[in-house]
Each structure stands twice: as structure tokens, then as C-alpha cells.
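In what follows, a single structure is set out as C-alpha cells and then discussed.
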Amino acid sequence: MSQKPQPQKSQETALSPCPGCAEPVEPGDLFCGACGYDLSAVPAAPADHPTVALAVPVAESGVADGGAAENGADAEEARPAGSPADSGDFELAAPAPAAPAAGAPDPRTVVADPAPGPAAGGRLCVACRVGRVDTDGYCENCGHAQPRERDHMEQELGSVAAVSDRGLRHHRNEDSFAVSTTALPDGSPAVVAIVCDGVSSASRPDEASAAAASAANEALLESLPRGVHPQQAMHEAILAAAEAVNSLAQQPVREQDQHRHQNSPACTLVGAIVVGELLVVGWVGDSRAYWVPDDRSHRAARLTEDDSWAAQMVAAGLMNEAQAYADERAHAITGWLGADAYELEPHTAAFKPDRSGLVVVCTDGLWNYAESADEMSAAVPADASRRPLHGAQVLVGHALDGGGHDNVTVALLPFAVQPQGAGSACDTT
């Protein structure tokens, strides 16, 4: 980040550093001119105290946005760039103590009462540096929301990569993902990506998506090395994910949630497995998988069908896609993971692509801004198969540039085959 030029100051004038970005700030400034940090929330350092070391633990993670009933935008707190939560411990330097006036007691010899701080084991607020952070992630002193680890997550593992972001409208990220690699009994590699989207109208959607992604990934890592067919393994993984989400409903309600309306945690799931010449996808809900060929002269394809009101209307011939997705009920899902699900129907499909390409596994936070296969293909960078992490970052940026109304999560799995002539980009087996 470029630094804003600062006016020259005489040696007699000491400029305090901004707590957010460490740029010098003028005395009396209410906001940092470089990063916009709210300086009014930071108590002025006493001029008669020596330099002190203030340890600020890295902010704990919050925990995923549902495709179903996502009406209205959640209020959010801005995340100041370069905040102490991003950099671990830091040192807060106070100006050198001034000599006491004649006849006045020397404050440097007085043992002052310690300033109020967090309870033992508690977190210190990154805004006011005084208040304790409660279990909901807000400062009990100034009310500022604290940065969460899950606001933005990235992972690259071999040839698979995923990125998840809170978006611009929601106060937390309710999406989750898991990527992994393993080997079949014959030693051939298997690459896995799972993406889950918490249903915002349900309780604890962030926990639901995290539990589902973890359970599905673990199930695949256990079954694939045993030789279970990838399509059967995906089916069993979705069932394991559903059980993990169902178990959340059996847990006691947390104290901070007792005043809220309670229903069963729920989420959607979409996953993909790349094994040799085989591509397997599985899903419940409206998170999607797309096929984007490396040679863009060939058509891209959507590999999943939504469990949603709009998809039902189109399938029944009552509306075309444009009409159905223009309706306010379009994103109401008809299938999900959770104890309140009417009937769990895992969907799986296997494909044998006849050319190299890329599998895009994503939540509706992305495909809302690239809904058709052609639109998704246009949004995917040309070098995404060689640079999957960069490609995932670009796609998340595409959603944020489009408005970022939802949490955004995408995983990219390159699929390499030798060219075998003309044919459809992705043939179903």
C-alpha cells in the first residue's frame, strides 16, 4: 500500500503513529488520513508514562451464506487495513516523560493503578485497546466488532485451491470449504473439494457449514483409499455431512443465543472429486459446480441442478429460467442438510471430460454474478488451470466488484487429459 506523503515537521513536534497502519497522525485528528482509522476510539497515551509493551492476541476466528431465505443485508463493521489483529503482538510507544514542574510530585515515581483490561485469557479490543471482547466477537467497552479469521480464507493444496470471503454486506462469513488430496489403492491421485453454504435463516449457519465441509472431507479421505468408487464415496460423504449438521441440533443452546429464535442449523453442500479420467460431483441445495474447458472455443457447462423453487418451476415447465430467477422466491431452497430437512436426497453425477479444463465449485455468492455457464467461463481467468489460487481470487473479486451481497466461496480443480478430438466438453457416463 502506498504511503500518503506527510508534511515535514520540526524535531520539536512528535507525531503519534496511527494504531491501524502506523502512519504519523496530527494531534487532534479524528481519523487517520492514510487508512481511515477512527482515532477517537483510541485513548490518548499519557505523556508521563514510559514506553510499555501491549500484547494483543490475534483475533479468534468467527465462523459460513445461505442460498435459501437471504432477504435483507446484515450490518457489518469495516475491517481496518493493517489492524493489530493482523500483525500479532505490537509495541505501543508513548512519548518520553516530561520533567515535573518545580514543587510538583514526580509522576515517574508514583505507582499508578493499572488501566482496566481484559480478564485473564480474554481478548483485548483492537479499537479501544481497553475493553474485553465478548463471546460474540464485540468489544464490551466500545462495541466494535473484532476481525474474524474466517472473514477471508485461502488455501492451495497441490492442484486444488479455494478462497472464501465474507463479502460486503454480511457481518460474518457463513460459508466453509475443505480441499484435500489422497490416493486410491493403486496409487493414483484423487483430488477433493467441498464447499458449503450456511442457511442464514437457520440457527448457527456458520457452524453448520463448517461441520458439513469437515465431515464430508474426512469421509472421502477415509473411503477413497479403501477403493470405494468415487461416486459411491461422494454419496456416503454427503450422508456423513448431514449427520454432522444434525448433531448440532442436539447440542444445548449457547447462553448468548438464548434470546434468539431457535431452529435447526442447516447448510447446502457441493463437492467434486477428480480421479484419473473421472470427474464426480455431488450436491444438496443450490451451491453449484461448473465445467470450464481450457480451450474457450468449446462451451462450458453447469454440472449440477439446484434444489430450489426456481429450478422446480423450470423443471415443471411453469416458467422459463429468466422468469423463475426473476421471482423473489427464486433462491428459496427445497433441499439442504439439517434436522429440519424434509427428505435428504443426495445428488451425484460422474463425467468423463474429453479435454482439459477446470471444475468450478462455488456458492451462490459467486454464481449470482455469473449464473450461466458462459458467464462463468468468461469470469474464469485464462490461466486458472495453471494458477488455481489466483483464479479463485479473481472469481471472488468478480463477486465483490458486482456488489458482494453474499458470502463468496469458490474452489478450483484443474482437470488434465490428452486431446481426443471433437466432442462435448463434458460427457456424462
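The values are calculated or read from the model by the stated rules, or taken from the named source; none is laboratory data. Quantities reported herein were computed from a predicted structural model and do not represent experimental measurements. Methodologically, a virtual Cβ is constructed for each residue, glycine included, from the backbone with ideal geometry; neighbour enumeration extends over all protein chains shown. Heavy atoms of the whole protein, side chains included, go into the accessibility calculation; ligands, DNA and RNA do not. Shrake-Rupley method; radii C 1.70, N 1.55, O 1.52, S 1.80 Å.
Since Glu343 meets every condition but one in (1) within 16 Å of the chain's Cα centre (by Cα); (2) open to solvent by 30 Å² or more (accessible area, probe 1.4 Å), which condition does it not meet?
For Glu343, the exception is condition (1).
Any chance segment 295-305 includes a residue that's under 26 Å from the mean Cα position of the chain (by Cα) and either within 22 Å of Glu243 (Cα to Cα) or among the basic types (Lys, Arg) (or both)?
yes
Restricting to segment 366-402, what's the tally of residues that are aromatic (Phe, Trp, Tyr) and part of a loop (DSSP other than H, G, I, E, B)?
Total satisfying the criteria: 1.
Quickly run through segment 120-166 and pick out the residues that are within 23 Å of Tyr369 (Cβ to Cβ), among the polar types (S, T, N, Q) and surrounded by fewer than 20 Cβ atoms within 10 Å (Cβ to Cβ).
Of everything in segment 120-166, just one residue is within 23 Å of Tyr369 (Cβ to Cβ), among the polar types (S, T, N, Q) and surrounded by fewer than 20 Cβ atoms within 10 Å (Cβ to Cβ), namely Gln155.
Considering only residues that are of a type outside the set (Gly, Ala, Ser) and more than 24 Å from Arg169 (Cα to Cα), look in segment 363-388 and name the one that is farthest from the chain's Cα centre (by Cα). I'd like the intermediate steps shown before the answer.
Pass one, segment 363-388, residues of a type outside the set (Gly, Ala, Ser): 363-364, 366-369, 371, 374-376, 380-381, 383, 386-388.
Adding the requirement that they be more than 24 Å from Arg169 (Cα to Cα) leaves 374, 381, 383, 386-388.
Values: Asp374: 25, Pro381: 21, Asp383: 23, Arg386: 23, Arg387: 20, Pro388: 17 Å.
The residue in question is Asp374.
Tell me, please, whether a residue that is among the β-branched types (Val, Ile, Thr), in a loop (DSSP other than H, G, I, E, B), open to solvent by 30 Å² or more (accessible area, probe 1.4 Å) and touching a helix residue (DSSP H, G or I) at 6+ places or on another chain (Cβ under 8 Å) can be found in segment 332-339. Spell out how you get there, then give the answer.
Step one: filter segment 332-339 for residues among the β-branched types (Val, Ile, Thr), giving 333-334.
Checking which are in a loop (DSSP other than H, G, I, E, B) leaves us with 334.
Add one more test, that the residue is open to solvent by 30 Å² or more (accessible area, probe 1.4 Å), and what stays is 334.
So of that shortlist, the ones also touching a helix residue (DSSP H, G or I) at 6+ places or on another chain (Cβ under 8 Å) come out as 334.
Yes, the conditions are met somewhere in segment 332-339.
What about Arg169, is it out of contact with any strand residue (DSSP E or B) (no Cβ under 8 Å at 6 or more places or on another chain), among the basic types (Lys, Arg) and open to solvent by 10 Å² or more (accessible area, probe 1.4 Å)?
Numbers: out of contact with any strand residue (DSSP E or B) (no Cβ under 8 Å at 6 or more places or on another chain): yes; among the basic types (Lys, Arg): yes; open to solvent by 10 Å² or more (accessible area, probe 1.4 Å): yes.
Yes, satisfied.
Give me the strands (runs of 3 or more DSSP E) completely within segment 259-322, filtered to those with at least 2 residues that are not hydrophobic (A, V, I, L, M, F, W, C), ordered by residue number. Spell out how you get there, then give the answer.
On the way: elements: 266-275, 278-284, 288-293.
By residue number, 266-275, 288-293.
Residues of segment 315-331 being of a type in the set (A, V, I, L, M) and open to solvent by less than 60 Å² (accessible area, probe 1.4 Å), which ones? So that I can check it myself, show each step before the final result.
So in segment 315-331, the residues of a type in the set (A, V, I, L, M) come out as 315-316, 318-319, 322, 324, 326, 330.
Selection gives Met319, Ala324, Ala330.
Could you tell me which of the residues Ala370, Ala399, Ala378 is out of contact with any helix residue (DSSP H, G or I) (no Cβ under 6 Å at 6 or more places or on another chain) and either under 18 Å from Ser287 (Cβ atoms) or surrounded by fewer than 16 Cβ atoms within 10 Å (Cβ to Cβ) (or both)?
Working: Ala370 fails: out of contact with any helix residue (DSSP H, G or I) (no Cβ under 6 Å at 6 or more places or on another chain); Ala399 fails: out of contact with any helix residue (DSSP H, G or I) (no Cβ under 6 Å at 6 or more places or on another chain).
Of Ala370, Ala399, Ala378, the one residue that is out of contact with any helix residue (DSSP H, G or I) (no Cβ under 6 Å at 6 or more places or on another chain) and either under 18 Å from Ser287 (Cβ atoms) or surrounded by fewer than 16 Cβ atoms within 10 Å (Cβ to Cβ) (or both) is Ala378.
To keep it simple, each residue is scored yes or no on (1) open to solvent by 10 Å² or more (accessible area, probe 1.4 Å); (2) within 14 Å of Ala411 (Cβ to Cβ).
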| residue | (1), (2) |
| --- | --- |
| Leu279 | no, yes |
| Ala289 | no, yes |
| Pro293 | no, no |
| Ala300 | yes, no |
| Glu305 | yes, no |
| Ser308 | no, no |
| Met313 | yes, no |
